[in-house]
Amino acid sequence: MSNTKICKSDKKKPLPIGISDYKVATTDYYYVDKTLMIKDFLDNKPMVSLFTRPRRFGKTLNMDMIRVFFEKDVKDTSCYFRDKKIWKCGDEYTKYQGQYPVIFLTFKDVKCSSWKETFEKIKKLIVLEFQRHIELEDSPTLNIYEREQYSLMANGRAGDIDYQMGLQLLSQLLHRHYDEKAIIIIDEYDTPIQQGHNCDFYPEVVNFMRNFFSGGLKDNSHLAYGFLTGILKVAKESIFSGLNNLKDNSIMDNAYSQYFGFTSMEVRELIDYYNVGEKYNEICEWYDGYLFGNTEIFNPWSVINYISDECRPKAFWQSTSSNDVIGEIIANATPEIIENLKKLMMNEKITTYVDTSVIYPEVQNNPQNIYSFLLVTGYLKVVSMYPQYDGNYMCDVSIPNKEIAFVYEKEVLAKTNKNGMAISVQQAIFSGDVLRLQQLLEEYMLQSIASIDGANESFYHGMMLGLCAVLSNRYQVRSNRESGFGRFDIQLAPKVKGMPGFIFEFKHTNDENKDLSILADNALEQIESKKYDTELKSLGVENIVKIGIAFRGKNAIVKRI
């Protein structure tokens, strides 16, 4: 009998992977309590709130939490909050529970390849939301015309313009029925807009959204409060035209900063619950590093997947969505942007202007906006922030953590080198295959450089530094640092004990009569005589691979010790 009790007490709640239903999350899974977000809202009560955050940071779950808290229901839904933080705040806040009719739409799965399909899917979601409010079908407070309008919308037989006015109509009917203004929640509002950009129906979807939101959120006498979530604030397309009651809450703002993603305290509580508290430092290295407002934030999707996968670190976030827009930008990136991406890969920071209202066509037409886009979508973090008079910011930005560094390697930096050349170079270096490395370097130079580029050694040094950037997940990449009796060209110091270290020395000549093989030998002799391996040895690296490379034009000879 006692063994049975121990078994029951040791059983842990399952992790909420992919769970966005608040009732289910709080009843059947481990739930990280974000209900104080409701208190923060009620303290200020903005008419319409927009929350922009990267994907998989808990937007849908939070919006469903707000729906369950405020929505009138035939059942008592306070049971889902009585053991939560919001209930401890007292009647001043709990009196709002279950008091409003709510319209809830999520566009997170509206990812169609044409405007026709997109409109049909949005229309279907509106139909389902009308059907969810079946109490309106025979409502005695609605007149015959209103009940007929409800029937047409709920049965999918209304006209296209009617569905464009769906928010306005449904809020009006709910207000009449309940004698209480409606709350409107639109989750992931910009997913169809991004899809429109990717699939060439951007003007059509923007026009629909402009009218759809205007009817529901602008000068709507039947609206109590509105909530929207998305990745980008698509404000410059006038989607929120004239919406002077909109409060924008971006990753740069302190308001609500702790409610999307996990805080450090929440992560510690989570890993203690699952008896893996010793993994905190590894979780920090891989999934921490975001700064929302003044709050340090962990990627929640990756943290729970890490624990679920027996604490094996992986780039879990990488496979959750397409990076088509990023690939599109990089395909046409300027040399300056490519160079900055390589700096980021080597754990450096760059300074950039950040426009939190960047829109998809601007990202395409002005590649400089890539940094704003990468920041708001979760591929960069803010290190330092300098507010500007136009409401935007100058920021020092860098890569947040190891997970995102791997995403750069696969999704970003690899696209800057034809046929994944950088990845192949990485493999050749790591395996010490000098013949393969020589072949790859000559192939890369043949495809990528003009003869005039190879005029001096510094050019080849910069080229190799860029190609070594993909190794920055596993190595500290250092250039022109003192060690022993001189300065090495490039050093790769392993971040994990037991891995080999690398030292590179380069030689260059324009003289056709000089033997590149002898120059490569000279490079190796310099590594030895100058004791460039001193720093690696002081770091405890036992296996040190020394590589000498001689360049001339588009030719190279690679040797190693």
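Values quoted throughout were computed directly from the atomic coordinates according to the rules given, and no laboratory measurement underlies them. Computed from a prediction, not measured in an experiment: that's the story for all the values here. Glycine gets a Cβ as well: all are built from the backbone with ideal geometry, and neighbour counts include every protein chain shown.
Using label points projected 7 Å from each Cα along Cα→Cβ, tell me how many nm separate Met394 and Ile338, to one decimal.
According to this spin-label approximation, the distance is 2.8 nm.
Need one number: % antiparallel among DSSP beta bridges in the chain, to the nearest 5.
55
Using the C-alpha gyration tensor of region 83-162, what are the square roots of 5 times its eigenvalues, in whole angstrom, with the largest one first?
31, 22, 8
Under the 0.36 nm per residue contour assumption, what length would be gained going from the current alpha-carbon distance of Asn281 and Ile561 to full extension?
97.2 nm
Using modelled amide H (1.01 Å from N, peptide plane; none on Pro or chain starts), what sits under 5 Å from the amide H of Tyr225, excluding residues fewer than 5 places away?
For Tyr225, whose amide H was placed from the backbone, the distant partners under 5 Å are Ile183, Ile184.
In terms of Cα to Cα distance under 26 Å, which lysines are near enough to Lys124, apart from those fewer than 8 places away along the same chain?
Lys23, Lys59, Lys72, Lys108, Lys111, Lys116, Lys181, Lys218, Lys233
From the square roots a ≥ b ≥ c of the eigenvalues of the alpha-carbon gyration tensor of region 1-124, which class results: rounded (a/c under 1.5), prolate (a/b over b/c), or oblate?
Taking the square roots of the gyration eigenvalues as a ≥ b ≥ c, region 1-124 is oblate.
To the nearest 0.05, what FRET efficiency results for Glu148 and Lys108 with a Förster distance of 35 Å applied to their C-beta separation?
Calculated transfer efficiency: 0.65.
Taking 0.36 nm per residue of separation and subtracting the Cα-Cα distance, what length does fully extending Thr534 through Val24 add?
Between Thr534 and Val24, full extension yields 177.8 nm more.
Taking K and R as +1 and D and E as -1, what net charge do the other residues with C-beta under 10 Å from the C-beta of Val32 add up to?
-2
So who's got an amide H within less than 5 Å of the one on Met394, skipping anything under 5 residues away but keeping other chains? H placed 1.01 Å off N, in plane.
Amide H neighbours of Met394, under 5 Å, 5+ apart: Val354, Tyr386, Gln388.
Order these peptides, 336-344, 275-283, by their mean beta-carbon neighbour count within 10 angstrom, highest first.
336-344, 275-283
Treat each spin label as a single point 7 Å out from the Cα along the C-beta direction, and report the Lys124 to Leu435 distance in nm.
Once both label points are built, they end up 5.7 nm from each other.
Name the lysines eligible as straight-distance cross-link partners of Lys531: C-alpha to C-alpha under 30 Å, and not fewer than 8 places from it in the same chain.
Excluding near neighbours in sequence, the set is Lys342, Lys343, Lys495, Lys497, Lys507, Lys514, Lys546, Lys554, Lys559.
Using per-residue counts of other Cβ atoms within 10 Å, averaged over each peptide, order 163-175, 374-386, 506-518 from highest down.
Averaged packing, sorted descending, gives the order 163-175, 374-386, 506-518.
Evaluate the distance, in nm, between pseudo-label points positioned 7 Å from the Cα of Asn44 and of Glu348 along their respective Cα→Cβ axes.
3.7
All other residues with a Cβ under 15 Å from the Cβ of Thr229 taken together, and with Lys, Arg as +1 and Asp, Glu as -1, what is their net charge?
Neighbourhood net charge equals +2.
Order of 135-147, 387-399 by packing, highest average Cβ count within 10 Å first?
Ranking the peptides 135-147, 387-399 by packing returns 387-399, 135-147.
Per 10 Å bin, what percent of the C-alpha pairs of region 115-268 does each bin hold, from zero upward?
Cα pair-distance distribution for region 115-268, in percent: 10, 35, 32, 17, 5, 0.
Would you calculate, for the chain, the mean residue ellipticity at 222 nm contributed by helices, counting each DSSP H stretch of 4 or more residues as -39,500 (n - 2.57) and dividing by all residues, to the nearest 500?
Per the formula, -12000 deg cm²/dmol.
Normalising by the residue count of the chain, find the relative contact order in percent from Cα pairs under 8 Å and 6+ residues apart.
Once divided by the residue count of the chain, the mean separation gives 11 percent.
According to the Cα gyration tensor, what semi-axes, each the square root of 5 times an eigenvalue, does the equivalent ellipsoid of region 447-561 have, listed from largest to smallest in whole Å?
25, 16, 11
Which of the helices in the chain, when you take each full DSSP H run, stretch at least 30 Å along the axis at their Cα atoms and have an average Kyte-Doolittle score of 0.0 or higher?
None pass (Cα extent of 30 Å or more, hydropathy at least 0.0).
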